[in-house]
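Undergrad: Here it is, the structure in full.
The values are calculated or read from the model by the stated rules, or taken from the named source; none is laboratory data. Bear in mind the structure is a predicted one, so any value in this text is a computation, not a measurement. Accessible surface is based on the protein model in full, side chains and every heavy atom, while ligands, DNA and RNA are left aside. Shrake-Rupley method; radii C 1.70, N 1.55, O 1.52, S 1.80 Å.
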Amino acid sequence: MVRFVIVGLMTVAATSRTTPPAKPSAPAPAPSARPAADWRIRFGALALIWGFSFLLIKVGTEGYAPLQVTLGRLLSGTAVLAVAMAVRRERLPRGARTWGHLAVAAFFLNALPFSLFAHAELTIPSTLAGICNATSPLWGMALSLVALSEDRPTRRRVAGLGLGFLGVLTVLGAWQGFSGLDFGGTAMALLASLSYPIGWIYVRRTLAGSSSSTLALTGSQLFLGTAQIALVTPLFTSAPDGFPLLPTLAVVALGALGTGLAVLMQYGLVEEVGPTTAQMVTYFIPVIATAAGVVVLGEQLSWNTPVGALVVLAGAALTQSRPRPGRTSGGRDGRAAAGDHP
């Protein structure tokens, strides 16, 4: 789910790195310190954090309105990144145009999808929300073929698109006439998944070449998303009667871990092992979300849900496949260079 929060911004960082420096004679920056934990451990931790995000949303909505869950999540996530920016002495982006683009990105990558998922889980299981989130690569591939001239359709990727949406129909039980399915909640979860690639494409088209760091852009984006939700929450919700312990802890963990710490972990993985390996975390998220919903929340699971989820993931993997090295320019595809992983 939150993967698309930084996908586009990592594209910006990759683009900036390919730009010749203004002073070639300047000394190269010192290499960053080697992380204490092996990347495989951090990879597994990242998959667990994002996989459990859907469970945390469900628990949070038991004590708060969906917009309040989103606001608390963004506040916690922004606080984590603000501390990271202060420690690293990162400067905020400059220019009204950059902040305007970040505001649009914050809406499509944070405020809108986070709110839609929270509303969706009022009426659908967290397992279904997690599987709907796995359709983001499918939406992204379909949209990029229209909006990004450098993304060329191939037989494999088109086949992956068709296979993925066949998996969606399997999850939803299309042959049963979608019996027992909550259309409103499912539609909101699918729209949330669609919102991520819309935001990512917008970032690629507007913020590529920014001189600001990925951390500064991401932290600023989350701050703007928090401000957007803070403006609308009082208009559509009333103040909570209290602060129930479990939902409150769920919301704080959702933001601090799933929206703050996870961003830092993913960026570190991309820097260390590259985007191809880092993006594989995508395919563990719906599996963990499904297991968490069934084991912890006791949600019911019919055979078509895991089968359809596997088909969705297979299709998503095909849509993310790239030509072999040498057939296209690696720098031309911003997603590959920047670690796109939906």
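Undergrad: Ordering Ser238, Ser195, Ser302 by accessible area with a probe of 1.4 Å, largest first, what comes out?
TA: The ranking, largest first, comes out as Ser238, Ser302, Ser195.
Undergrad: Viscosity 1.306 mPa s, temperature 10 °C: what is the translational diffusion coefficient of region 33-148 from Stokes-Einstein with a Kirkwood Rh over Cα pairs, rounded to a whole number of µm²/s?
TA: Using the Kirkwood radius from Cα pairs, D works out to 95 µm²/s.
Undergrad: Per the Kirkwood definition applied to all pairs of different Cα atoms, how many angstroms is the hydrodynamic radius of region 192-274?
TA: 15.5 Å
Undergrad: Out of every Cα-Cα pair in region 62-214, what percent are more than 22 Å apart?
TA: 53 percent
Undergrad: Let me ask something additional. On the accessible surface of region 102-220, probed at 1.4 Å, how many percent belong to carbon and sulfur atoms?
TA: Of all accessible area on region 102-220, carbon and sulfur atoms account for 66 percent.
Undergrad: Given region 129-247, report the % of alpha carbon pairs whose separation exceeds 22 Å.
TA: The answer is 57 percent, as a whole percent.
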